[in-house]
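What follows is a set of notes on a single structure, which appears directly below.
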Amino acid sequence: MSGTTTFKSRKTPGVYVTEFAAFPPAVVGVATAIPVFIGYTQTAQDPTSNQQLYNKAVAISSMADYYSYFGYGFDAQYVAEQLIIETTGTGTAAVTTQFANGISVAVSSSATVEPFTPYDFQAPSYIANSSTASVLQLLAGQQYAITTGTGSSIVPQFNLYTAMQLFFANGGGNCYVVSVANYEGNQTTVPSPIQAPLAGSLSPVSVSADVLLTGIAAAADISTATMIVVPDACLLTTRDSTSGIYSDYQKVAVAMLEQAGSLQSRVAILDMPGAMMPANWTKTAMLQEQEDFESSIAPAQPYFSYGAAYGPAVATSALGNGDVDYTNLQGSDASVMMANNLLTTQALNTYAPGADQNGTVTTTPQFDKIALNIGAAFPVPGSLLASGTVSSTNTNLAFGTLSSTSTAIADMKFLISTQGTGTAMVPTPTLESTITSTDNYLLNATPLLGQMEQVLLGRLNVAPPSGIMAGIWTQSDALHGVQNAPANLSLNEVLSPKVELNDADQGGFNMPISGEAIDILRTITNRGVVVWGARTLDGNSPDYRYIQVRRTLIYLEQSIKLALAQFVFAANDASTWATVTATISNFLTQFWQAGGLMGSKASEAFTVTCGVPTTMSGQDVLNGYMVVNVTVQMIHPAEFIELTFTQTMAS
């Protein structure tokens, strides 16, 4: 033995101490739930040195860590840059009044409103009723939808921040974040402002597949990561003009699967393409979305067992009332004018004009104050209030020259109140504190503003499921171990799926003919929203059909691989083979005892062999190869539980 050799080599008199290892080498299990998130952030800088950290993996363990390195979420005001409030149909109510400066308000008495579906709210509004715009018409019961400039509903511009919130809310812990750029598409350490002074002052960049690919490439160097998550990928909705495939989404999804499969140490968690598009929030549209998904990931077919997909998108409570205010509705010129009009109409109806002793119709002081604040919150572009000065020669600017179909009464009322002299009495708020106070005042004075903000909050509180599921996988591993299916768990801060599916609907997603399963998030009675599926994209494979089987194999393979590194260059002889066999067997025995493998005894749960001639030949030894053969009996879930009942007749 080596100790005896050491004893015989002593040359100097003295007392020597020699220690011998009492235990053989051991396999230490690797971490199973370490996701790497990739996407756009407000900034990316080291809080100590202030050096930029774009395309570098940063280890964090809480949202406090995220804030210090990456800032906060994308301000929804930028989303509202193209916000418009669309209206259809016609309708009038009999109203006649007169403002102090002599402008008459006369409307007809007919009332017919055409249906408009879907719509977000109904409210009356004044619009111009003639080319002179001095005669106004009150439209009663008009229907409005809050949309983007292209006519589609507003959805979050970036998903990473919300995904991180939901990850930690659902059991997430240690993870990595790779920021590819800030919300303006730059790689500067100066964070984007939380609150822009006016809508339109900054333009968010569109999510780019090529930029996300740089982050995916950086993630390859993280040896301890076991999941790869790109929540922004589902925002890549550009279709190829020839094939019709979501070509940009395909680049990112395929890169995720290829990386996971080539490294064999992680699983890609995918969202369905177009998952955030309101047009896809129906059962029929989701079936088409499934076809698009299968076409998109087809090039990565050899790596399907290393991927899992979830759907649909979900409504969350990640954002609260304080995250949205009137600035989020400062969209296009038309939206500002319409918001001004709607709120002023409500204020005018609440505080109706009255006649003084001379019979002159005047507005009330309460209305005057509300109108001034409305004009400050929604200054009509090009008007005197928006510029901060008043001209005595054009008191009807907001009435007559901006739009032939929309009139902003509050701006007109402001001009009347200043009587053509001086500067704006209520300047447009720019500081966050004044914005908050103005918003609170208008919420109390005009409840319609609160209704509009709630609609927008609902739009922005939508998230893809990938970030949530990274947290659920972490939670499941902590509670039950990696060998258990990360399913049948309730989701925190999730209100409902955007598409409600039943058992019959889910069948085609859980067991499609292609095998490319999509695990569904469903509402279960008395339990809320629950993960109701645990299949990989390789659903037709009896070996790798289930997520926990693939993840358990990764755990075993990576743990044993790490432990065997100490035997590289060791003597390729029977002594080493016996040590390796014993080391792996001890590890697998402990895993089996913890419930990680099937079998009533260890010999049924696994076998480990190494040596000549069982796993290698003499030539293999000469070539420097030591081949270890490990077989394990994996645990499969009780996915389908069948209850059988039979009636018996009493004897």
Could you list, ordered by first residue, the pairs with Cβ atoms under 6 Å in which the first is in the stretch 572-584 and farther than 19 Å from Tyr555 by Cα and the second is outside any loop (DSSP other than H, G, I, E, B), at least 6 apart or interchain?
Asn572/Val621; Trp577/Cys610
Please enumerate the residues belonging to the stretch 507-531 that are closer than 18 Å to Tyr306 by Cα and among the polar types (S, T, N, Q).
Asn510, Ser514
Every listed condition ((1) basic (Lys, Arg); (2) closer than 20 Å to Ile228 by Cβ; (3) modelled with pLDDT under 95) holds for Arg527 save (2)
Over the stretch 564-580, the set of residues touching a Pro at 6+ places or on another chain (Cβ under 7 Å) and either basic (Lys, Arg) or farther than 25 Å from Pro613 by Cβ (or both) is Gln566
For residues that are in contact with a strand residue (DSSP E or B) (Cβ under 6 Å, 6 or more places away or on another chain) and among the hydroxyl-bearing types (Ser, Thr, Tyr), scanning just the stretch 495-540, find the one that is surrounded by the fewest Cβ atoms within 10 Å (Cβ to Cβ).
Ser496
Within the stretch 238-271, restricting to residues that are outside any strand (DSSP E or B) and touching a Pro at 6+ places or on another chain (Cβ under 7 Å), the one that is farthest from Gln288 (Cα to Cα) is Gly261
Which of the residues belonging to the stretch 299-351 are among the small types (Gly, Ala, Ser), closer than 30 Å to Val530 by Cα and part of a helix (DSSP H, G or I)?
Ala300, Ser305, Gly322
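Picking from Ser437, Ser476, which residue would you name as being more than 30 Å from Thr350 (Cα to Cα) and of a type in the set (Ser, Thr, Tyr)?
Just a single option satisfies the conditions, and that option is Ser476.
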Sole exception among (1) in contact with a strand residue (DSSP E or B) (Cβ under 6 Å, 6 or more places away or on another chain); (2) surrounded by 17 or more Cβ atoms within 10 Å (Cβ to Cβ) for Thr552, by number:
(1)
Quick check on Thr614: is it out of contact with any Cys (no Cβ under 8 Å at 6 or more places or on another chain), loosely packed, with under 12 Cβ neighbours inside 10 Å, over 30 Å from Ala487 (Cβ atoms) and polar (S, T, N, Q)?
yes
Within the stretch 54-77, how many residues turn out to be of a type outside the set (S, T, N, Q) and in contact with a Phe, Trp or Tyr (Cβ under 9 Å, 6 or more places away or on another chain)?
12
May I ask you to say which residue of Leu263, Leu287, Leu257 is more than 16 Å from the chain's Cα centre (by Cα) and surrounded by fewer than 17 Cβ atoms within 10 Å (Cβ to Cβ)?
Leu287
Quick one: in the stretch 437-447, of everything that is surrounded by 20 or more Cβ atoms within 10 Å (Cβ to Cβ) and either in a helix (DSSP H, G or I) or among the aromatic types (Phe, Trp, Tyr) (or both), which residue is nearest to the chain's Cα centre (by Cα)?
Asp439
Is it the case that the stretch 630-644 has a residue that's in a loop (DSSP other than H, G, I, E, B), touching a residue at least 24 places away in the same chain (Cβ under 8 Å) and over 45 Å from the mean Cα position of the chain (by Cα)?
no
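The values are calculated or read from the model by the stated rules, or taken from the named source; none is laboratory data. Source: prediction; values computed, not measured. Positions of Cβ are generated from backbone atoms using ideal geometry, with glycine treated the same way; all protein chains shown enter the neighbour counts.
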